[in-house]
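Right, one structure below, let's go through it.
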Amino acid sequence: MCSRKACGQSASWQLLWNNPRIHTPERRKTWLACSEHREWLEEYLTTRGLWKQTLPLEGSPAAS
């Protein structure tokens, strides 16, 4: 399911992020995103300096 608050859609993307103040550099946390909220979640993480990478979620249409 998408990690955007109040969204119940299936996720197609995984957004990998890391908070350098509390995580080691190689650690990656994951938020899941539907196609509609991918850009919003990426922007949210990017403006806070947390976003690392976005990848298609395995088994979703985006992975094809």
(request) Scan 21, 38, 4 and give me the residue that is loosely packed, with under 13 Cβ neighbours inside 10 Å and of a type outside the set (S, T, N, Q). (result) 21
(message) List pairs: first residue in the stretch 38-51 and closer than 15 Å to residue 14 by Cβ, second residue of a type in the set (Asp, Glu) anywhere in the structure, Cβ distance under 8 angstrom, at least six positions apart or on different chains.
(response) 51/42
(request) Kindly indicate whether residue 4 is in contact with a helix residue (DSSP H, G or I) (Cβ under 9 Å, 6 or more places away or on another chain), at pLDDT 95 or above and basic (Lys, Arg). (result) yes
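The values are calculated or read from the model by the stated rules, or taken from the named source; none is laboratory data. Bear in mind the structure is a predicted one, so any value in this text is a computation, not a measurement. We place every Cβ from the backbone using ideal geometry, glycine too, and count neighbours over all the protein chains shown.
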